[in-house]
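S.K.: Take this structure, written in structure tokens, and hold onto it; I'll ask about it next.
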Amino acid sequence: MGIDTATLPERPDVAGELLAIPAGWDVREVEQFLYKEARLADENDYDGWEALWTDDALYWVPVDGEGDHPLATVSVIYDNRNRISTRLKQVRTGKRYAQAPPSNLRRIIGNVELLGGRGNRDGGVDLELGANFVAIESRPRGNELWGGRTTYRLRKFGDEIRLVYKKVVLVDNERALPTLGFLI
Amino acid sequence: MTDPVVESEFASVSVRLDTDGNSVRLRLEDLRTGRVRHLDALELETIIWLDDGRLTQLLDPSHERWRG
Amino acid sequence: MTAVVQPAPVATGQSRYSQLIRPDQVHGSLYTDPTIFAEELQKIWHKTWVFVGHESEVPQPNDYVRKQLATQDVIMTRDRDGEVHLLINRCAHRGLQVCDDASGNSSSFRCPYHGWTYRNTGELLGYPYNKGYGGKNKLELGMGKVPRVASYQGFVFGSLAADGPSLEEHLGAAAGEIDRLVGLSPEGEVSLDAGWLRHRTRSNWKFLAENETDGYHPQFVHGSIFGVTGSPIGALYSDSSTAVTRNLGNGHSENDLRPEFRNFAEPLRWFGTTPDRVPQYVAAMQESYGDDAERRLIEGAPHVMIFPNLFIAEIQVFNIQPVAVGECVQYATAVQLAGAPEMNKRMVSQSIGSVGPAGMLLADDTEMYERNQRGVQMLDPEWLDVRRGLQRESIDENGFTIGAATDETGMRGFWQHYRTLMEAED
Ligand code: FES
Ligand SMILES: [Fe+2]
């Protein structure tokens, strides 16, 4: 019963095929972008963070490892551009209690690896890369250690890099997770 | 091409149709030990007709493998 | 860490719980005292019917899934004849955990420590090197079993007590709310097979049970998301709402929103959509239920808390399980209606947005539970107030106590039943 996945589009993490790394990407430049994205999230700079995303954004935090088909089963987060905007509007009210007051956060990103290219809806090829992260979150309920692997897809608009896709696979996503109120 | 594997947390067995003989057979390999068994059509049919209770008896670990 | 304030010594002839639970107030130690939690395990969680899972999680013969029943790790299995069992995940030899995977399909389970092998009904079918036990079949041992397992509309409940009221007796009027949910499927069937979000909550389980039908909090706790999305849900829980809070007996309660939806008389308003967006679903409902389809689609899904741990929040199902006096886990999933693919996709998507660790509704409820747990560790005032609406309660045509949409009628029903169970002699 439930949803017949045969009726759904391919799951977005494996849709199409992984192509060669597209030309014109420099790993240092990519890292700088990831660090910036991490800093904006750590510092709860919602406007700055939101501005990184493209219109066809996808922000996904699955459960149970890599997760099942996100249109057929539940995920911790599965936000398109519209829902990212709703999520941020909610937190900007200052009454999103799970994030009011905001978490104190710092994360480290490492093991950055360019993985390949992924065809996009505009007929272009986005850069796909992976990185590990560890984040320390401090809230009144205590400190929380978060860790996992993130797969990103990036696209260039002139000189500007934008975020197309972010899938965060938490190492402990097979177990009960505490409230995840911040931008992971 | 790797063979399909039938597995659970309790056992892993790879499955292949073996056409080396004069009739096709099923080749099964216990991936945890490497032990291989071939089952021909008549043997497979027999398993299908095996009474559930008999099959359960065969699952007793001291029935064959860890006897004594 | 846990501060426990004890009220004045129990007056002679009064039980501990009648001291702690008053018609209009409950004592803070009920949420913080580890000895009370230990007693709750015995008298509630190891005795009454506890929601564990759904038959659709083990659709095929020999399927199994690991589930939580209070502090117990249980395996829900379907045997080859189709019957559902709840086994305790512990080997009869030296107590190892037998199953390690979260789910699988196997007619029998082999313990990795010394190879003892069990049927998926829990019975021991053999052990290696049987001479050490004087031969085969010499041991009258098996995996622990939850002695009573019963389902209602596929919802599987277990009771660790060999005797007691039947599941139907326990559910009482709440069964009708499950029927309402199932009646939204054109095939009269729901499944809970869209996976579970697991939300670790540093709070006593009772804060959750009480909050689920608390119609007083949504405008405050969820104002941030209602405002941003223009959701009409807030108005259902306002002072002018015609919705009622109903004590369904046996600790069950509901926010009955039907009076509001009947006023609007708009099919699918409860789901935030309109018939033209889900035409196949509406047609299938009409096909199955004829003229009654319209009523079903107007009135919508239930919002019911079934004691002690099953919360049906319209299109989501929550399974609440305690871990310790100050910790529990909320398992949440999207309801899936048989024969309604258009709805099922939407229900998955809406549920992801609303519930779980990052849910735009439930993360805020959970923040409240956790702050509540910290709050009740403060010394003064010792009591929590549950009197809201006590003076304006009435009895409905079926004999149930009802209050206004924002009244604490559900909580009082919860405490009444809680006290009965906690005072019961073994
Ligand atoms: S503990 Fe399970 S076989 Fe020994
Ligand atoms: Fe709430």
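The values are calculated or read from the model by the stated rules, or taken from the named source; none is laboratory data. Just so it is clear, the structure is predicted and the values come from calculations on it, not from any experiment. Quick reminder, even Gly has a Cβ in these numbers, built from the backbone with ideal geometry, and neighbours come from all protein chains shown. Side chains are part of the model used for accessible areas, which takes the heavy atoms of the whole protein and leaves out ligands, DNA and RNA. Shrake-Rupley method; radii C 1.70, N 1.55, O 1.52, S 1.80 Å.
S.K.: Arrange the peptides C:401-413, C:114-126, A:149-161 so that the one whose residues have, on average, the most other Cβ atoms within 10 Å appears first.
M.R.: The most tightly packed comes first, giving C:401-413, C:114-126, A:149-161.
S.K.: Moving to a separate point now. So how much slack lies between A:LEU145 and A:ARG121, counting 0.36 nm per residue of separation and subtracting their Cα-Cα distance, in nm?
M.R.: Taking A:LEU145 through A:ARG121 to full extension adds about 5.0 nm, to one decimal.
S.K.: Expressed as a whole percentage, what fraction of the accessible surface of region C:58-106 belongs to carbon and sulfur atoms when a 1.4 Å probe is rolled over the protein heavy atoms?
M.R.: Roughly 36 percent, rounded to a whole number.
S.K.: Please label the shape of region A:26-170 as rounded, prolate or oblate, based on the square roots a ≥ b ≥ c of the eigenvalues of the alpha-carbon gyration tensor (a/c under 1.5 means rounded; beyond that, a/b larger than b/c means prolate, else oblate).
M.R.: Note, shape of region A:26-170 comes out rounded.
S.K.: I've got another one for you. Given R₀ = 35 Å, what would the calculated FRET efficiency be for B:ARG67 paired with C:ASP101, taking r from the Cβ atoms and rounding to 0.05?
M.R.: 0.80
S.K.: Also, I was wondering about something else. Using 1/(1 + (r/R0)^6) with R0 = 22 angstrom and r between the beta carbons of C:ALA235 and C:ASP179, what's the FRET efficiency to the nearest 0.05?
M.R.: That pair, C:ALA235 with C:ASP179, gives E of 0.20.
S.K.: Further question: Based on alpha-carbon centroids, what's the gap between chain B and region A:1-67 in Å, whole number please?
M.R.: 43
S.K.: Decide, for region C:175-423, between rounded, prolate and oblate: order the square roots of the alpha carbon gyration tensor eigenvalues as a ≥ b ≥ c, take rounded if a/c falls under 1.5, and otherwise choose prolate if a/b is larger than b/c, else oblate.
M.R.: Note, shape of region C:175-423 comes out prolate.
S.K.: On to the next question. Tell me, which cysteines of chain C are without a disulfide-compatible partner by the Cβ under 4.7 Å rule?
M.R.: C:CYS99, C:CYS328
S.K.: Between A:ASN132 and A:ASN111, what is the label-point separation in nm under the 7 Å Cα-to-beta-carbon projection?
M.R.: Reported label-point gap for A:ASN111 and A:ASN132 is 0.4 nm.
S.K.: Which residues does a label at A:TRP25 reach in region A:95-120, if reach means a backbone N under 13 Å from a point 7 Å past the Cα toward the Cβ?
M.R.: It comes to A:112-120, nothing else.
S.K.: Ignoring ligands, DNA and RNA, what percent of the accessible area of region C:175-423 is carbon or sulfur (1.4 Å)?
M.R.: The C+S portion of the solvent-accessible surface of region C:175-423 is 51 percent.
S.K.: If you build a Gaussian network model of chain C, linking Cα atoms that sit under 10 Å apart, which residue out of C:ALA102, C:ALA38, C:ALA70 swings the most?
M.R.: In the Gaussian network model the winner is C:ALA102.
S.K.: Does region C:51-152 come out rounded, prolate or oblate by the C-alpha gyration tensor, with a ≥ b ≥ c the root eigenvalues, rounded set by a/c under 1.5 and, if not, prolate when a/b is larger than b/c and oblate if not?
M.R.: prolate
S.K.: Going by Cα centres, region C:310-388 and region C:36-68 are how many Å apart?
M.R.: The two parts, judged by their Cα centres, are 18 Å apart.
S.K.: Using a 1.4 Å probe, what is the accessible area per residue for region A:40-184, in Å²?
M.R.: Per residue, region A:40-184 has an accessible area of 38 Å².
S.K.: Turning to a different aspect of this structure: Test of understanding: in a Gaussian network model of chain A with alpha carbons linked when under 10 Å, which of A:ALA23, A:ALA15, A:ALA41 would top the mean-square fluctuation ranking?
M.R.: Sorting by GNM fluctuation, first place goes to A:ALA23.
S.K.: Can you give me the accessible area per residue for chain C, using a 1.4 Å probe, in Å²?
M.R.: Result: 39 Å² per residue.
S.K.: Once C and A are treated as a pair rather than alone, how much accessible area drops out, both sides summed, in Å² to 100, probe 1.4 Å?
M.R.: Summing both sides, the interface buries roughly 3300 Å².
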